[in-house]
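Colleague: What follows is a structure written as structure tokens; I'll ask about it next.
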Amino acid sequence: MPLTADLLASDPETYRRATQSPFLSAAAAGQTPKPVLGRWLANDRLYIHAYIKGVGRLLSALRLPSTTSPAPTVPDKLVQWLVDALVNVRREEKFFVDTARRFGIEVDLPAGPDGVVRQEDKLEGLRRFEGLFAGFETGGGELEWLEGAVLLYATEKCYLDAWTGAREQLKEEEGDGKGDADGGALRREFIPNWSSEEFRAFVDELGGIIDEGVEKAGKGVEGELKERALKVWREVLVAEEHFWPALRVLQSRGKESCTRFHAVGYRCKECVFVVNELSFVTNYQKS
């Protein structure tokens, strides 16, 4: 079985938690308030910055062949994928900042006078990803690029499957989304983009590069490579699970249940109370 298939089959329950959440269900239902979506997008933007730095670390660690070959080597293919990834994430950042602006969604977290966002104002998942991108192993043993490549594959694969699951919950007859809590930003723009066939092909390409590299390394090191990859895979799944904002289905006291999904602390016009719990970011302003 290819390494990436082994990874996907290694812990189905944790993978489910990493790719399914009330936040995603709310997104598919058009019930994500703009402040909640904006805070999440702000975290996603900072994730992109960590991602860019991680790609840079991986590029600097790659041992490229000194001589030419008739066909691209695995490192050659990985370099090209990484270059494309940098182009893609910069385009992606511009896309969702421009889209958010068009829908009147704020995408900045609170920052100090130095322009730096405090750690406590970030999602736990973002903090975990910043640590992963800054600290993955490079340069040791067979396939010095393995940990970095698996990190990128794992996060891209989770993101793709999470938003593909949200897309599958959409109904064709739901209209233009103007009545959605976010004005239709998620269902009209973001979800189709984050679950596209182009994105799937891009993720699958990296998976193929990893599998090819492991296969060419030979059976003698297969166990060691799988162990190294699994360590990174598990860390990414935990980070992904904590990257989705905590939402609850609120129920009205003595009234009919409100069927909407809400960020903890968000006041719904249909609800008679606000849940007193920490929201998905410490300083989320309760109404």
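What follows draws every value from the coordinates through simple rules; no lab data is involved. Just so you know, these numbers come straight off a predicted model, no measurement behind them. Cβ placement follows ideal geometry from the backbone for every residue including glycine, while neighbour counts extend to all protein chains displayed.
Colleague: Within 12 Å, Cβ to Cβ, of residue 119, how many net charges do the neighbouring residues add up to if Lys/Arg are +1 and Asp/Glu are -1?
Modeller: Neighbour charge sum, excluding residue 119 itself: 0.
Colleague: Among rounded, prolate and oblate, which fits segment 186-253 when a ≥ b ≥ c are the square roots of the eigenvalues of its C-alpha gyration tensor, a/c under 1.5 means rounded, and a/b larger than b/c means prolate?
Modeller: Oblate is the answer for segment 186-253, as a/c is 1.5 or above yet b/c matches or exceeds a/b.
Colleague: Just for the Cα atoms in segment 154-208, what are the lengths along the principal axes, largest first, rounded to whole Å?
Modeller: 41, 18, 15
Colleague: Continuing with the same structure: Order of 182-195, 70-83, 101-114 by packing, highest average Cβ count within 10 Å first?
Modeller: Packing proxy ranking, top to bottom: 182-195, 70-83, 101-114.
Colleague: Let me ask something else about it. Rounded, prolate or oblate, given the Cα gyration tensor of segment 115-247, with a/c below 1.5 counting as rounded?
Modeller: oblate
Colleague: Would you please classify the overall shape of segment 20-92 from the alpha carbon gyration tensor, given that a ≥ b ≥ c denote the square roots of the eigenvalues, rounded means a/c under 1.5, and beyond that prolate means a/b larger than b/c while oblate covers the rest?
Modeller: Here segment 20-92 falls in the prolate category.
Colleague: May I ask you to order 117-127, 19-29 by the average number of other C-beta atoms within 10 Å around their residues, highest value first?
Modeller: 19-29, 117-127
Colleague: Can you list the equivalent-ellipsoid semi-axes of segment 29-151, largest first and in whole Å, using the square root of 5 times each Cα gyration tensor eigenvalue?
Modeller: 34, 17, 12
Colleague: If you add up the charges near residue 14, with Lys and Arg at +1 and Asp and Glu at -1, over every other residue whose beta carbon is less than 12 angstrom from its beta carbon, what do you get?
Modeller: -2
Colleague: Can you tally the net charge around residue 128? Count Lys and Arg as +1, Asp and Glu as -1, for every other residue whose Cβ sits under 11 Å from the Cβ of residue 128.
Modeller: In short, -3.
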